[in-house]
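The values are calculated or read from the model by the stated rules, or taken from the named source; none is laboratory data. All values reported here derive from a predicted model rather than from experimental measurement. All Cβ positions, glycine included, derive from the backbone under ideal geometry; neighbour counts span all protein chains shown. Protein only, heavy atoms only, side chains kept; ligands, DNA and RNA dropped before computing areas. Shrake-Rupley method; radii C 1.70, N 1.55, O 1.52, S 1.80 Å.
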Amino acid sequence: MQLPEKFDQLENLLLNHRESIGIHNGVPFILLIYSPEMEIDCRKKIKNLQEKLESKDLSVLNIPINLAIFDHLKKDGVLEQIMEFDKESPKEVRDDLFKRSRQFLKDYILNDIQKNSPEIVFLTNVSGLYPYYRVSNLLTSLEKEIKIPFVIFYPGEINEDGKLYFMGELESNEYYRAQRI
């Protein structure tokens, strides 16, 4: 399915079937999977979809996760150090970022939702999680907390065996409960 058809399907779900999202799998998570090369087109379509939904009086919270991470590291005063250390020891940096981000990301998202009380959440720019944090880890940490449609715009690819690869490279842990588009 091409990107325009995926966005049409998502729009239909969010406008006409919002209450039923998550009934069969127990969580209101939707992964819209697109090729990483389509990032710019996807961002335009996200903006258009958000405007359409808001024109129908639905409040949409767009959380660009990469900005949250960089802002958090900058506020902690470690962003520059991490960037330098990454050149020498990328494995250690990934492990450190995973530990730093695990609770922060969950809290950040939940606080943003609580503060804004949206009807729909878009999690965008998730490529900022690559390669140190998996979307499946984030969804697992949020599954008991999120009650509204939560759309993750996922830059990845599905290979011929049906396996999902984050950014086309990192095999996903396959969060099995999210609806895929």
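Just to confirm the number: angle between the C-alpha axis of helix 90-116 and the first principal axis of the chain, 0 to 90 degrees, nearest 10? With rounding to tens, the tilt is 40 degrees. What are the aspartates and glutamates whose alpha-carbon lies under 14 Å from the alpha-carbon of LYS74, with same-chain residues fewer than 8 places away excluded? The qualifying aspartates and glutamates are GLU84.
To the nearest ten degrees, helix 79-88 and the longest principal axis of the Cα atoms of the chain are 70 degrees apart.
Rolling a 1.4 Å sphere over the protein heavy atoms, what is the accessible area per residue of the chain, to the nearest Å²? The partial results should precede the final answer.
Details: 10020 Å² over 181 residues.
The answer is 55 Å² per residue.
Taking a straight line from the alpha carbon of LYS99, these aspartates and glutamates sit under 16 Å away, with near neighbours fewer than eight places off in the same chain left out: ASP76, ASP86, ASP107. Pop out the carbon and sulfur fraction of the accessible area of the chain as a percent, whole number, probe 1.4 Å. Its accessible area is 48 percent carbon and sulfur atoms. Across the chain, C-alpha contacts under 8 Å between residues 6 or more apart give a mean separation that, scaled by the residue count, equals a relative contact order of 36 percent. Per-residue SASA remark: ILE148, around 40 Å² accessible (1.4 Å probe; ligands, DNA and RNA not included). Computed from label points 7 Å out along Cα-Cβ, the spacing between LEU15 and LYS91 is 5.1 nm.
With axes computed from alpha carbons, what is the tilt in degrees of helix 39-55 against the longest principal axis of the chain, rounded to the nearest 10 within 0 to 90? On a 0 to 90 degree scale, this one is about 50.
Work out how much length GLU80 to SER59 would gain on full extension: take 0.36 nm times their residue separation and subtract the Cα-Cα distance, in nm to one decimal.
Details: separation 21, 0.36 × 21 = 7.56 nm, distance 3.59 nm.
Full extension from GLU80 to SER59 adds 4.0 nm.
Legend: P(r) of segment 1-111 from all alpha carbon pair distances, 10 Å bins from 0, whole percents, reading 11, 31, 32, 20, 6, 0.
With N residues in segment 46-92, what two-decimal value do you get for its Cα radius of gyration over 2.2 N^0.38 Å?
1.81
Does segment 71-181 come out rounded, prolate or oblate, given a ≥ b ≥ c as the square roots of the eigenvalues of its C-alpha gyration tensor, rounded meaning a/c under 1.5 and, failing that, prolate meaning a/b above b/c? Oblate, since a/c reaches 1.5 and b/c is not below a/b. The distance between label points at ASP161 and PHE98 comes to 2.0 nm (points 7 Å beyond Cα on the Cα→Cβ vector).
Ordering LYS144, LYS163, LYS56, LYS45 by how much accessible area each has at a 1.4 Å probe, largest first, what is the list? Can you show the working numbers first?
On the way: LYS144 160, LYS163 90, LYS56 125, LYS45 65 Å².
So the residues, ranked largest to smallest area, are LYS144, LYS56, LYS163, LYS45.
Taking the Cβ-Cβ separation of LYS115 and PHE70 as r and a Förster radius of 30 Å, what is the calculated FRET efficiency to the nearest 0.05?
Details: r = 20 Å, r/R0 = 0.66.
Computed FRET efficiency for LYS115 and PHE70 comes out at 0.90.
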